[in-house]
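The values are calculated or read from the model by the stated rules, or taken from the named source; none is laboratory data. This structure is a prediction, so every number in the text was calculated from the model and none was measured. Cβ: placed from backbone, ideal geometry, glycine included. Neighbour counts: every protein chain shown. Note: accessible area is taken over every heavy atom of the protein model, side chains too, but ligands, DNA and RNA are not part of it. Shrake-Rupley method; radii C 1.70, N 1.55, O 1.52, S 1.80 Å.
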Amino acid sequence: MRSASSQRSFNRIGAGVLGSSPRFLSYQAGESPLHRLDARTKLIGTVVIVADALAAAVPRGMIVMYALGLLVGLSAVHLLPALWRTLRPLLVLVVLFGILITVITPGKPLAHVWILVPSRDGLDLAIRLGLQSLLIIYTTSLLTLTTPPLAVAHGLEWALGFLEKVHFPIRDVISMVAIGLTFVPLLIEETRKVILAQRARGADLGMNALLDENAMAALLIPLLLANLRRGEELAESMESRLYGSGERTSMRERRFGRLDALAAAILLCFTVINLLVSFFL
Amino acid sequence: MAVLEHTGNRSLYVDTGEVVSVLGAPGSGKTRLALELAFLVRPEEGAVLFRGKNPMTKGKRLQERPREVTLLVQNAEDQLFARTVFDDVAFGPRHLMLDEDEIEQRVNMALETVGLDPAEVHDRSPFALSGGERRRVALAGVLAMEPDVLILDEPTANLDPRTRNEFLSLLAPLRGRSAIVWLTSSAREAALADRIYLLMDGRTREVASGSELLADWHVLADAGIELPAVYELARSLKGLGGALPAESDAERLKSEIIQSYRGRRAR
């Protein structure tokens, strides 16, 4: 017997009928220290770690930064399986690109394999780029996994608020992006619905539809129309609730707390050590 | 032998030339059932048989579904996309690899069946039509496939009362051409069918047809199904403590209500 909630979603065309939507890197609620950090701390922290990763020398600086990565990961252990699932395909990509870089970069030849000549310089470059990209993807994934999209938007708004002074509507841009992202699952559902509807009246809409202009129109035009309609409704409903008529305030007061201070201190220590070992040792 | 049949808890069948309605409250799983019957999703229990055979046996792709079964999805007018009404209605037949003459003939027939003048609407943009007309065009698009089985998923949902009645009058010319499965949440609409299934708690049950259907109006009301106003009124009055008999005939129910109202006023 099905539970009441699954019965409900089963009956709604939006969700259950067409299968559940993917949860790629989307926010997962939790109570880990990483969740409790202020979004702004995490945002700046991510930027700092990215900069650190770009600056770190191989291998000394990288060891320091990966140690930090490990520490951060351990503070949200329960997310690591989900993280691994999303990183695994990227790992393959990183390795493939690494091989490509090793082969195409000129330098002191390491060996001769058929017509390919992997070089020492290429290998160094590949390892550095690979380690950098993995750390960057890992850190940003942890950010989006532990921070609700709205909090990320608020953090960005705070960090880039100075752009408002030069009359760039950064707040609106961020709201738009944040709303856009929350509507992605709905867009996926809508796409499935249109595909079913067009197939119901005889269209194939399999992979070969990508090459068929008419089939693409059958898919894209209803989708576009539905989304324009939804956008317009949303804009009206936001305006009717006074969006844009003044400064926005936040319902949840965000505070730089003790945990944030601790995180900042740890980050600072690792950054200093990284710079020291990378440039002065 | 039934043209289309669903086995399992939601068993139902439809014969050639027959109109069968499936009556279910909102959220009872009508849309899912419609998709299953049209071989657009795999049945979550039971199997769907077309002419006694299951065309979607294991390993078959859903793309290979029988084209003889078509579905008019809910709010089908949202799926129109072509530059002209003609192209939109011809969308399905073109996938059947028919020659242009045959396609044109089918499109004209289909447009006439839904009460639109082919010469007038041919070259118009579907987006320039009214909501009711757009839904007619969507129906024409399905009819032009000349299906053996036509499944209609709440074809009158979100239409204004007048357009709804116009749409209901289209049922008559469709009769006899294809077997029709009509999914609806309105008892009044369901009563137009030859046979009626009630869909409730993931099960179907065949119920008496036509005016007899409303004899079960207590059951229907409890199942959350939209009833004609007199029955709704009777139900509300009963809730207020009015001792109304379990009348089913609309006329008698009406006079009962009037009498009891007069009786109260007299007191």
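Note on residue A:240 and residue A:114: the extension gain reaches 38.5 nm, defined as 0.36 nm multiplied by sequence separation minus the Cα-Cα distance. Residues whose amide H lies under 5 Å from that of residue B:4, counting only those 5 or more places away or on a different chain, are B:14, B:51; hydrogens are built 1.01 Å from N in the peptide plane.
Each other residue within a Cβ distance under 15 Å of residue A:233 adds +1 if Lys or Arg and -1 if Asp or Glu, for a net charge of -2.
The simple Förster model, with R0 at 60 Å and r as the Cβ-Cβ distance, assigns residue A:36 and residue B:54 a FRET efficiency of 0.65. Against chain A, whose longest principal axis is taken from its Cα atoms, helix A:80-104 shows a tilt of about 60°. Going from the chain on its own to the full set of protein chains, region B:13-55 has these residues losing 10 Å² or more of accessible surface (heavy atoms, 1.4 Å probe, no ligands, DNA or RNA): B:27, B:29, B:31, B:32, B:35, B:40, B:41, B:44. Size of region A:96-170: Rg and Dmax of its alpha carbons, in Å, are 20.6, 60. For the protein assembly as shown, a simple Cβ point-charge model (Lys and Arg +1, Asp and Glu -1, everything else neutral) yields a dipole of about 2300 debye relative to the Cα centre.
Comparing B:23, B:233, B:33 in a Gaussian network model of chain B where C-alpha atoms under 10 Å apart are linked, the largest mean-square fluctuation is found at B:233. Across all Cα pairs in the protein assembly as shown, the calculated P(r) in 20 Å bins from zero up to the longest distance comes to 16, 36, 31, 15, 2, 0 percent per bin. Per-atom-type breakdown for region A:183-240 gives carbon and sulfur 66% of the accessible area (1.4 Å probe, protein chains only). Full extension of the segment from residue A:80 to residue A:233, taken as 0.36 nm per residue of separation minus the current Cα-Cα distance, would add 51.2 nm.
Modelled label positions at residue A:191 and residue A:255, each set 7 Å beyond Cα in the direction of Cβ, lie 4.4 nm from each other. A probe of 1.4 angstrom, applied to the heavy atoms of all protein chains, finds residue A:128 with accessible area near 90 square angstrom. In this label model, residue B:98 and residue B:262 are separated by 5.9 nm, measuring between points 7 Å along each Cα→Cβ vector. Annotation: per residue accessible area for region A:183-240 equals 56 Å², rounded to a whole number [probe 1.4 Å, protein chains only]. Under 26 Å of direct C-alpha separation, and excluding same-chain neighbours fewer than eight residues apart, residue A:42 reaches these lysines: A:165.
The spacing between region A:48-101 and region B:1-16, judged by their C-alpha centroids, is 57 Å. Please identify, among A:245, A:175, A:133, the residue showing maximal mean-square fluctuation in a Gaussian network model of chain A using a 10 angstrom Cα cutoff. Greatest mean-square fluctuation among the candidates belongs to A:245. Chains A and B together bury roughly 2400 Å² of accessible surface, counting both sides and using a 1.4 Å probe on protein heavy atoms. The residues packed around residue B:186, meaning those with a beta-carbon under 11 Å from its beta-carbon, carry a net charge of -1 if Lys and Arg are +1 and Asp and Glu are -1.
Please work out the FRET efficiency for the pair residue A:262 and residue A:173, using the Cβ-Cβ distance as r and a Förster radius of 25 Å; give the result to the nearest 0.05. Approximately 0.15, to the nearest 0.05. P(r) tail, chain B: Cα-Cα pairs separated by more than 26 Å, 47% of all pairs. Relative to the longest principal axis of the Cα atoms of chain A, the long axis of helix A:149-160 lies at roughly 60 degrees. Comparing A:67, A:153, A:76 in a Gaussian network model of chain A, where Cα atoms under 10 Å apart are tied by springs, the biggest mean-square fluctuation is seen for A:67. Spin-label model, residue A:97 to residue B:64: label points 7 Å out along the Cα-to-beta-carbon direction sit 4.1 nm apart. Applying D = kT/(6 pi eta Rh) to region A:183-240, where Rh is the Kirkwood radius over alpha-carbon pairs, T corresponds to 25 °C and eta to 0.890 mPa s, the Stokes-Einstein value obtained is 198 µm²/s.
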